[in-house]
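Working notes for the structure below.
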Amino acid sequence: MTDLFDFDKPARYAVMGNPIQHSKSPRIHSLFAQQTGQNIEYSAIQVDPGGLEQAIGNFQASGGKGLNITVPFKRTAWELMDELSDRARLAGAVNTILFRGEERFGDNTDGIGLIRDLRDNHGIPLAGRHLLLLGAGGAARGVLAPLLDQRPARLVIANRTPHRAEELAADFRAQGAVHGCGFPALEGKRFHLVINATAASLAGELPPLPDYLLHDDACCYDMMYGAEPTPFLRWAQRHGAGSCIDGLGMLVEQAAESFFLWRDVRPETKPVIEILRSELKQK
Ligand code: ATR
């Protein structure tokens, strides 16, 4: 028999990762749901290494509508999809899953989240600019195609292990002017925008950057965020960056794009970024 009150039941979503207890996604999606009047429930699920396929299967079988996938499972999730969006295919990683009956559709909203934060929230120009992306891991790969779509004059990827940057650049050569190198090769070059996609900030470290790297009024963006400026953003302040931006806005923007995919409603991100920023400062 059909449950007459089925329509009252919230649609269920979750984020899966490891660790997951500090994830801000449940908070962000509940703010989006309040704002847009959507009836959803969003939880955080810790998944053991090797347990992603089972966890996704269980969630789907129990009637869940969609998932976010975070560190360290975005690549594994990519391998478990029936269908991928173009941007997920290029990113080689999935951060958003939509269940369509038995089918799993994988998307990646990280890159568009970064572009929306830079371009729309902060008014940072990208077309015709010289861009530097620090790091050549999954976080860097995930944002490369959307950055190149903005038609920068040049995009340099610099990495501690130079051959990883060179290989990543080679993978994206068809998308635009992109070049990979190690940090020492940055000596004597100048950039309008430097994006830190390394995991260095997590360890309180800083990639070894030359002193004269920034054009006047350059923007420095760290994909990490915290209550205090990251080591990279402190470096940027000391070296005269015109704007220093952390990744909190990107986090909210990528979530908004997931919410849109699931619910077909676009939440307003600015008030949510403000709430998260003030909560971050209170801690
Ligand atoms: P993610 O998916 O978060 O990008 P990853 O694939 O492990 O994680 O990549 C981490 C990135 O941060 C790499 O580019 C790594 O450089 P290497 O390829 O040389 O390992 C970079 N990284 C990590 N710690 C760093 C540090 N202390 N200084 C500079 N780069 C660092």
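What to note about this one:
Listed here are the residues, each with its yes/no results for (1) of a type in the set (Val, Ile, Thr); (2) assigned to a loop (DSSP other than H, G, I, E, B).
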| position | (1), (2) |
| --- | --- |
| 115 | yes, no |
| 128 | no, yes |
| 139 | no, no |
| 146 | no, no |
| 151 | no, yes |
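- Qualifying strands (runs of 3 or more DSSP E) (wholly inside segment 157-255; at least 2 residues being open to solvent by less than 20 Å² (accessible area, probe 1.4 Å) and away from the ligand (no atom under 13 Å from the Cβ)): 191-196, 214-222
- One residue from 94, 71 being open to solvent by less than 10 Å² (accessible area, probe 1.4 Å), of a type outside the set (Asp, Glu) and assigned to a loop (DSSP other than H, G, I, E, B): 94
- Within segment 111-124, the set of residues being under 13 Å from residue 147 (Cβ atoms) and in contact with a strand residue (DSSP E or B) (Cβ under 9 Å, 6 or more places away or on another chain) comprises 114, 117, 118, 124.
- Taking segment 126-139 as the range and being at positive phi and near the ligand (Cβ under 9 Å from one of its atoms) as the test, only 135 passes.
- Some residue of segment 74-86 being under 24 Å from residue 249 (Cα atoms), touching a residue at least 24 places away in the same chain (Cβ under 8 Å) and away from the ligand (no atom under 16 Å from the Cβ): no
- Test result for residue 119, within 14 Å of the ligand (Cβ to nearest atom), among the basic types (Lys, Arg) and either at pLDDT 95 or above or open to solvent by 60 Å² or more (accessible area, probe 1.4 Å) (or both): no
- Residues located in segment 74-91, provided they are among the hydrophobic types (A, V, I, L, M, F, W, C) and buried (at least 20 other Cβ atoms within 10 Å of the Cβ): 77, 78, 88, 90, 91
- No other residue among 60, 38, 46 is among the polar types (S, T, N, Q), open to solvent by 90 Å² or more (accessible area, probe 1.4 Å), in the same structural domain as residue 260 (by TED's automatic domain parsing) and away from the ligand (no atom under 16 Å from the Cβ) apart from 46.
- From 190, 160, 154, 164, residue being over 17 Å from the mean Cα position of the chain (by Cα), within 21 Å of residue 108 (Cβ to Cβ) and of a type in the set (Lys, Arg): 164
- Residue check for residue 142: within 16 Å of the ligand (Cβ to nearest atom), surrounded by fewer than 18 Cβ atoms within 10 Å (Cβ to Cβ) and closer than 18 Å to residue 170 by Cα: no
The values are calculated or read from the model by the stated rules, or taken from the named source; none is laboratory data. Here the structure is a predicted model, which is why all the values come from computation and not from measurement. Please note: Cβ atoms are built from the backbone with ideal geometry, for glycine as well, and neighbour counts cover all protein chains shown. The area values use the complete protein model at the heavy-atom level, side chains included, leaving out ligands, DNA and RNA. Shrake-Rupley method; radii C 1.70, N 1.55, O 1.52, S 1.80 Å.
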